[in-house]
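Chemist: Below: one structure in structure tokens.
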Amino acid sequence: MSKAEIVIYQPGDNTSKLKVRLDGETVWLTQAQMEQLPGFVESKRKLAEKYRSFFEQTDIAFFSKPENTQSNYWLNAVLLKDRKERDEFLEYTNQNGIMTRPVWGLMNRLPMFKDCQTGDLSNAEWLAERVVNIPSSAI
């Protein structure tokens, strides 16, 4: 089994810090780290609220949590009207130092899966042409 460590933190006072040890597919947190998770998640929720406030002033849809649910906003994303607008958004943001990327590439388009059977992927294709992941680090 391979072992890895993930360290997510921001220097400074009163910042959330999270160090994670991975053993295979298992994540190990100490009790002290588990106690810090609520603050870390709260930081991510605050970031998502800033995004929501910003994007509601535009014609770009920010993915918010459904009503009567809670989200950790681990990954923030926006929905654009079509592939052209998505590509323009990606180019503009990345040229201006904001690291964004398309949400995903469909696996059936990878060379090793090109001959595999698939069902109707029209919804996945529609989303892949329009969704962009935006920076999601807790602040």
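Chemist: Return the subset of Lys81/Lys114; Lys46/Lys84; Lys46/Lys114; Lys84/Lys114 for which the Cα-Cα distance in this structure is over 32 Å, preserving the input order.
Modeler: Beyond 32 Å: Lys46/Lys114.
Chemist: Here is a follow-up. In nm, to one decimal, how far is the modelled label at Ser137 from the one at Asn123, with both set 7 Å along Cα→Cβ?
Modeler: In this crude label model, Ser137 to Asn123 measures out at 3.4 nm.
Chemist: Let me ask something else about it. Can you tell me the length gained on complete extension of the stretch Glu67 to Tyr92, counting 0.36 nm per residue apart and subtracting the Cα distance?
Modeler: 5.8 nm
No value in this document is a laboratory result; all are computed from the given coordinates. Since the structure is predicted, the reported quantities are computational estimates derived from the model, not experimental observations. Reconstructed Cβ throughout: ideal geometry from the backbone, glycine too, with neighbour counts over all protein chains shown.
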